[in-house]
Amino acid sequence: MSIGSKRLVVGAHYGLRDWLGQRVSAVILGVYAIALGLYVLLAGDLGYERWARLFAASWMKVATLLTLAALFYHAWIGMRDLWMDYIKPVGVRLALQVLTVLYLLACAVWSVQVLWSV
Amino acid sequence: MSTVLQEKKRPEFRNIHVTQIVGYRLPAPGMVSILHRISGALMFLLLALVIWLLQLSLASELSFMRLKELASHWWVKLVFVALAWALLHHLVAGIRYLLLDLHLGVEKRAANRSALAVFAVSLPITLLVALRIFGVF
């Protein structure tokens, strides 16, 4: 494989991987969102007691964390696409991409703490 | 004579500039597409807020009460409605895109109808959520 000296450093890395990853993560997010939405809809008046008990279960923590992992990957690909489409100067684009990754990683770490606090 | 033969000039768009957006009649699939991006970006920006709300709802009975009190302000309700719309549009449009990826409904007519279907599903549900949030029922 030949790699030219003018290869785009902030591109999509010419791959199918992210495209597919975005769709797989989308399915995970959709299933979780619909399931949680239906639960809230059918549960009626949700007080703290029941809400916290739901998230206290280990399976729910794991399911939520996996979904959040899918969310961060999904959001990264989506935001990267936006920066690639609308921000043309490479330096600004790279800076925004780095900020996006940092923001998402910070959210990831924080969400783990939130999930395991209950 | 030439004026008779000359076809009526239709507006031509290549790379649309921001100032041309108002005059450009975007077809329904295009509306779904740009709103998919806007809703996604909105949820990305508000992600930290959502995690904080989750924290409030889970941390303790006291923080749960704080969240309830916070949610009683009309402008907070407005943010919740915006988030609900973003999620619903992104979800329903996303399902449409997954179907398109499977080569279902890629023809012009079908794509236009499914784009309208996205709005027909996401907007009424958003309205219901909004009415619920503002305590109408």
*Qualifying residue in the range B:72-82 (condition: part of a loop (DSSP other than H, G, I, E, B) and free of Cβ contacts under 8 Å to residues at least 60 places away in the same chain)*: yes
_Lone qualifier among B:77, B:9, B:108 - being under 18 Å from the mean Cα position of the chain (by Cα) and among the basic types (Lys, Arg)_ = B:77
*Considering only residues that are of a type in the set (Val, Ile, Thr) and under 14 Å from the mean Cα position of the chain (by Cα), look in the range B:111-137 and name the one that is surrounded by the most Cβ atoms within 10 Å (Cβ to Cβ).*
B:118
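Hey, can you tell me all the residues within the range A:85-105 that are in contact with a helix residue (DSSP H, G or I) (Cβ under 8 Å, 6 or more places away or on another chain) and either within 12 Å of chain B (Cβ to nearest Cβ) or without any contact (Cβ under 8 Å) to a residue 60 or more places away in the chain (or both)?
In the first step, residues of the range A:85-105 are kept if they are in contact with a helix residue (DSSP H, G or I) (Cβ under 8 Å, 6 or more places away or on another chain); the result is A:87, A:93, A:96-97, A:100-101, A:103-105.
Hits for the range A:85-105 are A:87, A:96, A:100, A:101, A:103, A:104, A:105.
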*Read through the list (1) more than 8 Å from chain B (Cβ to nearest Cβ); (2) over 11 Å from the mean Cα position of the chain (by Cα), then give the number of the only condition that residue A:66 fails.*
(2)
*Given the conditions (1) in contact with a Phe, Trp or Tyr (Cβ under 8 Å, 6 or more places away or on another chain); (2) at pLDDT below 95; (3) not charged (D, E, K, R), and given that residue B:1 satisfies all but one, which numbered condition is not satisfied?*
(1)
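Conditions (1) within 21 Å of residue B:84 (Cα to Cα); (2) at pLDDT 95 or above, marked per residue:
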| position | (1), (2) |
| --- | --- |
| A:25 | yes, yes |
| A:32 | yes, yes |
| A:36 | yes, yes |
| A:41 | yes, no |
| A:56 | no, yes |
| A:62 | no, yes |
| A:68 | yes, yes |
| A:79 | yes, yes |
| A:83 | no, yes |
*Which members of the range B:40-99 meet the condition of being away from chain A (no Cβ under 12 Å) and over 22 Å from residue B:117 (Cα atoms)?*
B:69, B:70, B:71, B:72, B:73, B:74, B:75, B:76, B:77, B:78, B:79, B:80
*When you scan the range B:12-39, how many residues do you find that are of a type in the set (Lys, Arg) and modelled with pLDDT under 95?*
2
*Could you say which residue among A:80, A:53 is assigned to a helix (DSSP H, G or I) and over 30 Å from residue B:64 (Cα atoms)?*
A:80
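Output the residues belonging to the range B:26-39 that are more than 13 Å from chain A (Cβ to nearest Cβ) and either in contact with a His (Cβ under 6 Å, 6 or more places away or on another chain) or among the aromatic types (Phe, Trp, Tyr) (or both).
B:35
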_List the residue pairs whose Cβ atoms are under 6 Å apart, where the first residue sits in the range B:111-130 and is more than 16 Å from residue B:97 (Cα to Cα), the second is assigned to a helix (DSSP H, G or I), and the two are 6 or more positions apart or on different chains._
B:125/B:88; B:126/B:84; B:126/B:85; B:126/B:88; B:129/B:84; B:130/B:81
*asked:* of a type outside the set (Phe, Trp, Tyr), over 14 Å from the mean Cα position of the chain (by Cα) and part of a helix (DSSP H, G or I): is that true of residue B:91 in this structure?
replied: no
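The values are calculated or read from the model by the stated rules, or taken from the named source; none is laboratory data. Not measured: the values here are computed from a predicted model. Positions of Cβ are backbone-derived with ideal geometry, glycine not excepted, and every protein chain shown enters the neighbour counts.
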